[in-house]
Structure formats: C-alpha cells, structure tokens
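Below: one structure, written as structure tokens.
Values in this text are rule-based calculations from the coordinates and carry no lab data. If you're wondering where the values come from, they're calculated on a predicted model, not measured in any experiment. When we count neighbours, we look across all protein chains shown, and the Cβ atoms used for this are built from the backbone with ideal geometry, even at glycine.
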Amino acid sequence: MTHIGIDLGTTNSLIAYWDGEKPQLIPNALGDVITPSAVSIDEDGQILIGKTAQERMISHPESSVAGFKRKMGTKSRIKLGKKEFTAEELSSLVLRQLKQDAEAFLGAPVTEAVISVPAYFNDAQRRATKVAGELAGLKVERLINEPTAAAVAYGVHDREQESHFLVVDLGGGTFDVSVLELFEGVMEVHASAGDNFLGGDDFTNEIASSFLRKHNLKAKQLDKASINQLKKLAQKAKHALSSNDEYNLKITLKGQDYELLLTRDSLEKILSELTGRLKAPIERAIRDSNIRPGELDDVLLVGGATRMPLIRSLIGRIFRRLPACTIDPDQVVALGAAVQAALKSRHKALKDIVMTDICPYTLGVEIAQQVSANQHQSGYFLPVIDRNTTIPVSKVQTLCTIANNQKVIDCSVYQGESRLVKNNIKLGNIEVKVPKNKAGEESVDIRFTYDINGILEVSVKVVSTGEVKRTIIKSEECSLSEKEIEESLKKLEKLKIHPRDQAENRLSLAKAERLFEESLGDKRDYVASLIAQFEATLNSQDLAKISSHKAEFDEEISALEEDVFA
Amino acid sequence: MNCWQVLQIEPTNNKKDIKRAYSKLLKVTHPEDDPESFQILSESYKSALSMAEFVDEDSIESEMVEDEVGSANNSEFTNIDGSNFDEGISDGFEWSPQEYEVDSQTNKGNTNEKESVQNTFMQSDSEGWTEDGSWSNSEIIVQSSEDVAENQETSIYEFIEYFLEEIDKLCRTKKKRNNLDLWRELFEDERLDDIEAKEILRFRVFHYFSNILDSEFKNYSNPPIKPNIVKRVSEFFGWREDEISLTYHYQTHQIDNVMTYAYGLAASPKTEVIEERKSSGSGGYWLFWIIAVFVLPKVFSALFKDTERPKEEPYYKRAPLKEKSFSSLSNFENCQLILSEYHELSAVLRCIQSATSGNVKALEILGIKNLFSIASDNSHQAGIDYLTSAAEKGSVVAELILGFEYQYSLSTDKDIEKAKYWLSKALSQGHKNAPMMLASAILLNDKMTADEVEQLLSKEIEERDQRAFNLLAMANLFGIGMNENLPESLKWFEELATAGDIEQVNEVAWFLATSDIPQLNGSNAAMNYADYFLIPEPTTNPRYVDTLAAIYAASGDFAKAYVTQLNAIIHLKQSASEDLTNAALDEEITDYESRSKLYLKQERYLQKFNEGDARKMFERLQYALVREEIVKLVGEKNAKGLNLNIN
C-alpha cells in the first residue's frame, strides 16, 4: 500500500506519496504538481476541476467556484451553475481528482490518505475535511496540521539537528503559526496559533478593492467576470512585485480603461492592515511556547503567500533574522503529509521518529461563579483542556449544582481564549438530569477527550448515580449527519466528471475562453474563431489531428495573451 | 509514581537526559497505540522538564548539612540552595492546582534591580538586534556579533522604558489623552515589531491601564480617558484576543475593570440572583434551572481536598526555557528575576509552573512575592494560597510566614486562630524560631499563664536567649497576654541583662532607670545594676557613667546623680577625640548636660515607654524572625525590596 499525503489548500491542492525513502509529489493530468482548488461545471453538466476550472472563473463566473475551503464546516450552500453544493462536496471533488491522478501515476488504487488542515481549524472544520475525504472515497487515516506537516518535511530533511523552530504558514486562505522542537527523533509541537480567515487571497482582494477605491468604482457596479478578472490581475501584480519594484495594473472595465501604478511601497501601505493581523498569532505562539525568539534555530516560511517580500521583511523585523525556505513553500505541506502517512504506518525508514501535536484551542465549559451568598455570575469559561496541550489527551473537571433541588446541569462546551463564554465559540451542549439535592451536593464529572486527529468527545458522568452521557460534539450549524453524507454521496455519484485523458484539451479551451473574455474588438473575434475551429477538431475525435491542432492552438493563444493589453 | 519514575531516570537537571528518556519511551508508548499511557508519559516529561530548573544536584548535600546546623542568631545566609527540594519532587507529581494568580503589580525598585534586568536581557542569545538606525528600516538586517548584541539588548530595555513614558505622557496630558491620532502614531513605531519588546510591553501597559482606570488615579480623570482609546490599546496588544494569558498575572477584577471600560458592559459577565430563579424555577420550568454549575475557587478545592483525585495537568503548559535564562530557583539571581520590580515574566512563569506541579520552594517564593513584595493587598490572597499549599507540604518557612500574616494582615482575613494553628505546626516540626513566634502571637492576641509561657520558651530560656528574656520581662511588666507581675518581670530583666556582656547590662539598666513606666516607680529596680558599673572598679565609659547617674536619679539620690553626670561629661570629652566627629560630640555633650540640669532640679530624665511600645517590640521581634527566614530563602539582596513593614 502506498502512503499518500494530501494538501487540500484554499487556492491550490497537492498530492504526494512516500517512495520508500522520501516523499514525492504526483503530477496531475496536465503534468503539474499543483492543482488549483477550483471547480467548474460546463454546459453539458460535466464537472471540471483544477486549472481548467480556474480559467473558467473569468469566462464562466456563474458556474465556477474557488476558495470554498473557507466555508468548510458551515452549512452554507455554494452555487455552481444550477446546482448547489456544500464546501465538503466541492472539496471532495478536488480530492477525487487528486486521487485519480495518483492512481493513474502509481498504477494502483488509492483508498487512504493523510490530509492536512490548518492548525487553527476548529472541530467542525476538521470534521468537514474528514467528510470530504469520505465523499471522495478516501479513508482519512489522519488529519495533520499544516505547519506540523511542513516541519515534518523539514525535520526529515535534515534530521540530525536538535532544534527549535517556528513555522509561519500563510496559505491562500488561512494563516498558521507553530513552534516546534526536534530532538532525539521526537518532533514535538509546543504551540500553535493562527487566523482561519487570513491568507494570500485576502491580500489579492485588498489590492483589487484598493484599485476600485482609487478609481471611485464600486464592486457592485461590476459583473462577476470583471471582478474575477480584476482579482486575477491583482494577483498578477502581487506576484510581479515579488521580483520587480513596480507594476502597472491595467484593466478595461465597462468599456473604459483604468490603470494604477503599484510600487512595493504603495503595496506595503495598501496591505498594512492585513500584515498587522499576522503579528498577533505569532506573538501568541511565542508566548505560549515560552521560547525566547533568540532561542529559535530557524523560522520556516510555508505557503505561497510567504513569497511576498513584504511578509518576509515583517518576519525579519519580528525575529531579527532571515527566515528560511529551502523547500518550495507551495509543496512542503503535501510532502510533510506524505511523510506523516509513512510515519503513521511506521515505515521502516522512519521507525525512529515520533511526532506529537497539540490542541490549538482552549476547550472548556460554561460555569457560574459565586459572588455572594445567593448570587452567581454565569458566563464564565472554565478551561478543561488548555490550549497547546499535547494530544491525545483526556481531562476531567468536576462541577456541582448551584441551586437547591436543581434538576438539570447544562454543560455547554466552548472553544476560545476569553474568560467569558460569550466571546468564545459554542461547540454544543449536553444536558444531564441530576437527583434533587441541596446546592453543591450533586456533581458531574465532565470529561473531554481530544483525539490525535483533533476531534473532541465529551462525556458527562453524574457522580451520585453513575449515569454517563457522552457525545461527539456537533454544533447545530455544521457537520453533516450520516444521512446527509449518504445523500451527498448519491448526488456526487451522479455528476459527470470530465474525463482525465482530455484534461489538456479542456484546459486549452478554457484558457482561450478566458482570453476571449479579456479581449475586445477584433482580437475578441479572432479568439472566437480560433475556439470554434479547435472545437470542431475536438469533435472530430481524430486523435492525431487533435494533437497537432492543439499545439498550434496553444501557441496562438499564448501569443495573443502576451499582448492582451497592447 | 512520580515523573522521574515514569521516565525511569533519577531526578536530574540535565534536560538532555530527560529528553532522551522521553524519546526512548515514546517509541514504546506511542501516542497512536496507547493514548492513556502516552498522556501520562507526556505529562511526566513536562513535569520533569519544569522541575529540572529547580534541581540543583551539587547543592543537595550541603543543603542538608545547613538545615541541621542552622543557628539562631545568625541571620547571615550561607547556603540554602534547593531547600525543600526533595519534598518538591516527591509531592509534585500527585498534586497540582489548576490555577494560581500572580500579581505583577510592581513597587518602586532600586537601580540594582534595573541593572540586573539589563543583564538578563543581555544574557539572551539573540542575534542581530540592530542599532538605532535600523529601527526605521524595513529591510532585514541581520547581525550576529556579540558585542553589538549587548548594546542592542540595552536598547530593547530602553525602548520599553521610553515607550511606557510616552504612554504615561499621553495619559497625563489633558489635551492629548483622547486624541486617537496621537495613539495611532505611537503604535506605528517600528520598534514595536520586535516580538520580545512587544511581549513585555503587552503586560506592562496592561498593568499601567489597570492602574489608571482605578479611581484612585485622579490625575487622569479630567477629562477621563475615553473607552475607545483603551479599546485601541487593547486591540494593539491583543489583550482581549488572549485574555487567558492575562489571567495568569492579573486578578479577575483587574481584567474586568479594563475590559468593561474598553468594551462596555458587554464585556462583563452577567449576574444572576439564585433566589429569584428559585421562585420562577419551581414547577415545571426546569429550563430556568439549567446552567447552574459552579466551581469552588479552584485553588481551594485543590488545597483542601482530593489528594487522591487523578493528577491534573498543571494549568500552565509552557515549554522550559533553556538553562541559560533560568537554571535553578535556589540561585538568588533567579529569585531576583522573580522578586524585583522588573521581574522577568518568563522566570515568574517558570516558577509558577513548578509551583503548580507542587514544588515547595517555588510555592514559597511565589507566596512571598505575592504577600510582601509587589503590591499591597490585591495579590494578597494568592500569596496566602501559595504559602498554604507550601505549608501543607511541610514547609516550615511557609508556616511561620502564614502565622505572621494571619496576625498582621491588613485585609479582612486577620485570623488569630489560624495564626496559632500554623505557628503550632511549625513548633511541632521543631523549628527554632517557632516557640518565640507562637509565644508572641499568643501574648499579643490572647492569654496564657506565666507557666505556660515559660514552658513554651523553655528551650530558649535554657539557652539564655535574650529575645525570650525580653519577651518574658515585658509581658510580666505590662501584663501583656498574662497577669502583671513586677517581681517576675524584674527577674527576667536581670536574666536579660546577664545574658550578654556589659553593654547588655547597660541597656537594661538604662531602660529601667529612665522609662516612665508607672509600675516601675519606687521599685528601685535599676539600683541592682549600679554595681556592674562600679565593681571591680568604677567604669570610665561615659555612656555607662551616664546610665549610673540615671540609676541614682531613679533611686531619688539626685546629688549623687548630678555629680555622676558631671563625671560622665568629663569622660565623654576625654574619650571623644577617638570616635566622635565634632558636631556629633557637641550634640552628645548637650544631651548629657541637659540631664545634669534636670538632676540639679531634682528631676529624673524620663523616656516615654508604655504597653504599646512593648507590644511593638514583640511585633518587631516577630518581624525579625520572619525576615530571617525570608532572607534565608531568597537572599539578603532580594529581601531588601520586600515590603515587610508591619505598620
């Protein structure tokens, strides 16, 4: 059996396997190791995934989606053409694509995988990721935290050293920081912190909206395609400014030309608020790990967004050192996940390595505290499992009644770092009946068990009767039920997935369609005629003819693309 | 099993050994296969790492010797490294309270302490804090030269002080304090990017605001600082995002104060009156009854019950610092890190961690810190709690301090019974200062018979301890805590006088001859001591002659007193050249002459002394005894800053 690791990212996903000595990335049908986490549905109801879907974000904005990882663990419905999907379902489509790519590459069925999640993903988001795997026909043997995966990849890379390091993982949609220690074959996570709604996409969006502000434009006035096009250009500007000092962002909107000259300095200003948000999680992780910044042996950068010079210089100022990134920041998480898959099954090359992770949130229950003889203040948060406790872990707190003849104890489970539950996130609650008795005479033992995948089980035992009630916490608004999962599976089975062997042709077409959207006048007409010709060839089903036409077609399209703004 | 047994190693301060042991066992106790055993292993590993900071292998032996020798009057400290260390380890594993609070309110420290903080900063092996020029530079500059590091570290410290001053300036200036732009500007300082500086400021600025939002700070109240300003500051430092870390250092009410001020009532918990619920909650409305769980203050539950409950993980899970920054608590430098005004947060946290895992020494130090040092009463309870746990683990020092504290507490928990309880415990453990502490406590606050006192102090009497004689003499004289008994008192005075050298006699005689105590009137008590100054030959020491004159005056023989006093003046002038400066000499002569004039007028020279003064003497005795213990624990230098004043 092959050990598979998957990085299911907000913008891009990757799949890797353990070749017996080291992790290797698996290319998709297009020969790329990176598959954009985008899904599109075409006129025939066929599902397109990856690069092709990404191209279609501009040409077919109504039937294409990306960035759905941010909706994981919520019940919000995402429209794709005429159909609606949950984030789990869309993610499962991406996973299924990756699975097929791996099967094609390895020539063997892939049924199990380790999938990475942001360290700061909460319970519901983790469950949703597991469900997505199941929907894609993958048994998710382990969820691994992304920074941990990155560290594992680095750790295995040069395993001789004993060291402390900090991983800064700024992906497309999420931000994670972890402090780890590597010693004697033990990879120990000391602390994790993060922001589930901060990533490279936010930086792109901020550039786009600042462009609109500069020109007194409102996003509402623009159609979806224009907005997607502007975002694409904003991203291009962001990338260009990583190597150049300035970039001129030009776009035609509603028949009018707009442009904005961006420099590194102006970019820094535009993004200052977002970069500011990077600081708090870093500070917290350092605070929790109780390691002085000077004791860190390395600061590792992970995630495509850390390529921005702006981010690097911020990290440099915070830690007074140059961050390291000897492994491609886009690939390191997937590689680490594959290592973890091998670790999990105790592959002989990794027999001496054990990894321990932590729970990134404080988990606890709501309590009332006595303030005077007959007055209680409720709304306080009593931590049961403190954040950054090594997992798996199981903890008990004993609570008692506060009123005479109290019949019920309501254990509301929360996650968060505030002393007051109202500022924390409610995960669910369990009510248990207790025998009538004087205040304080009846008590319950609340046990929180946090497993190695980061999933919480709560059990409540009434001390006097020995009655036990246990539950896997499910909040009302998230997590699919068994039945819902089955329905999802049926729904997904009905979907026609675009055949893998035509992926390249489909991508060429999607690129051309996007170019059509972006062009005007004669050029647009010309692109349209090129598309029509190529489609005719595709319909002929003559493989030799298709292949030669494709080469020609690609060449022509990319030539046109070069002078799109000419 | 304690953590060392779990790890299958001997207690050690070598963290490498601990890690090696952990790593070895981890491969057998894999987190995937056996989560329960893994949890025990992982918790033991962390306990061992935090205890390692308190293990001082070299000093274990010398410490044991020291304990046996411990002499009564020698307050000079020699070596107490690792005291109570054994208990710390063996108890540590079973016991760990969930929560402790450390107050980081600071008192005014001296320059020494400042220097020491600078030193600690310099110790940290950071690389590349750049010179001032680079503050404003957004490019990454990395330097690693060590001599540069020294300046750089100083500049973090300077920056912190500078920044606090800037904040203070803003807050103090009426026109500026509510100008959001000025605050924004302040926070734009690039030096705040440095994580170390910002982390220290995060707590110190919180502390500052918790003070100025206190009604006592009138300077800032007209117009008051606006909530949105406080909110801005809170957002900048992420107070609210991570309130739990604030609860490690501040009391609930302090946090409530600041947060409620900044975010309005929405930030405060809701109060519910149980009685009201009861009326509406009867019948089928059990819904009203839900929630309703309450926890005794967790500290107390940990202190007073369930020693058998399974071990809970310490509230603080922090990875250990390297030895360099914090090696062992027994080191006075480290006490300083914890006890000084600029106490180092990480050191305090280390200490708390050890305390929560039951280390007695850590508990003692935190108890002292909270009780005496930094802040008067708001950390008081934490101090008591720490010491109570230490005392319950058999720390005699903690017992004595608790006994002292329950007598003199400024807050409401003054409790003589508790004081007696703890002092009796110390007594039963045979602590050398316990009898005197207990005797003073009972005499000052309660009653006992003379026999009982003598019984209690029998060992001291046998050893001719002057403090015990003094105690007995005064108690008998004024009837403090016992019946008044002048002859008995005079007997003890004589014992006191003869327990020392002639100087001691002089002091007792002077006291008896010049005190305006009505009980002594006509007793001629001082007369007994005249011979000490005359036999075998009359003394020439002016001070003794001065005393002799006072003795004659007390017995009514003013002529003799006058002549003797003139003698005293002559002796004084003769002896003067050696050890008195002119000004001091003149003053002394004036003083002597004033007495001679009194004798001429047939009046005694009297000094005020009453029962209150005697009681104060007892208090001072207790104070000295307690202080002696504290000095032993933390060193003279660190004890100096402690606000131990009983008044």
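Tabulated data for the structure shown
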read-out: Between the stretch B:176-206 and the stretch B:240-259, the alpha-carbon center distance in angstrom; value: 18 Å
read-out: Most to least packed among B:528-540, A:9-21 [average Cβ atoms within 10 Å]; value: A:9-21, B:528-540
read-out: Those lysines that a straight Cα-Cα span of less than 20 Å connects to B:Lys597, excepting residues fewer than 8 apart in one chain; value: B:Lys560, B:Lys573, B:Lys608
read-out: Cα centroid of the stretch A:23-64 to Cα centroid of the stretch A:246-279, whole Å; value: 27 Å
read-out: Cα pair distances exceeding 17 angstrom across the stretch A:200-273, given as percent; value: 36 percent
read-out: Other protein chain Cβ atoms within 10 Å, averaged over every residue that makes up B:241-254; value: 4
read-out: Packing-based exposure ordering (other Cβ within 10 Å, fewest first) of B:Lys601, A:Lys496; value: B:Lys601, A:Lys496
read-out: Residue mean of other protein chain beta carbons inside 10 Å, A:383-393; value: 5
read-out: Pairs of alpha carbons in the stretch A:68-108 whose separation is greater than 13 Å (percent); value: 57 percent
read-out: Å³ per residue enclosed by the Cα convex hull of the stretch A:124-205; value: 122 Å³
read-out: Cα gyration tensor shape for the stretch A:500-562, rounded if a/c is under 1.5, else prolate or oblate; value: prolate
read-out: Peptides ranked, highest mean first, by Cβ atoms within 10 Å: ranges A:419-426, A:75-82, B:441-448; value: A:419-426, B:441-448, A:75-82
read-out: Computed P(r) (all Cα pairs; chain A; 20 Å bins; percent); value: 19, 49, 26, 5, 0
read-out: Exposure proxy order (Cβ contacts within 10 Å, fewest to most) of B:Lys459, A:Lys395; value: B:Lys459, A:Lys395
read-out: Mean Cβ count within 10 Å, highest first, over the residues of peptides B:589-599, B:36-46; value: B:36-46, B:589-599
read-out: Per-residue mean of C-beta atoms belonging to partner chains within 10 Å, peptide A:414-422; value: 5
read-out: Gyration tensor over alpha-carbon atoms, the stretch B:421-505, equivalent ellipsoid semi-axes in Å; value: 21, 16, 9
read-out: Value of D in µm² per second that Stokes-Einstein yields for the stretch B:515-561, Kirkwood Rh from Cα pairs, at 20 °C (1.002 mPa s); value: 194 µm²/s
read-out: Charge sum, other residues only, whose C-beta stays under 11 Å from A:Leu241's C-beta, Lys/Arg counted +1 and Asp/Glu -1; value: 0
read-out: Fewest-first ranking of A:Lys51, A:Lys139, A:Lys469, using other Cβ atoms within 10 Å as the exposure measure; value: A:Lys139, A:Lys469, A:Lys51
read-out: Listed residue pairs exceeding 27 Å between alpha carbons, taken from A:Lys75/A:Lys99; B:Lys361/B:Lys420; A:Lys218/A:Lys491; A:Lys231/A:Lys426; value: A:Lys218/A:Lys491; A:Lys231/A:Lys426
read-out: When the stretch A:80-177 is reduced to its Cα atoms, the Kirkwood hydrodynamic radius in Å; value: 15.1 Å
read-out: Rg to Rh quotient for the stretch A:336-421, alpha carbon positions, Kirkwood Rh; value: 1.23
read-out: Range of Cα positions in the stretch A:267-415 per principal axis (Å), largest first; value: 64, 50, 26
read-out: Centre separation in Å (Cα based) which lies between the stretch B:528-580 and the stretch A:525-542; value: 129 Å
read-out: Geometric extent, Cα atoms of the stretch A:361-466 - Rg, Dmax (angstrom); value: 13.9, 44
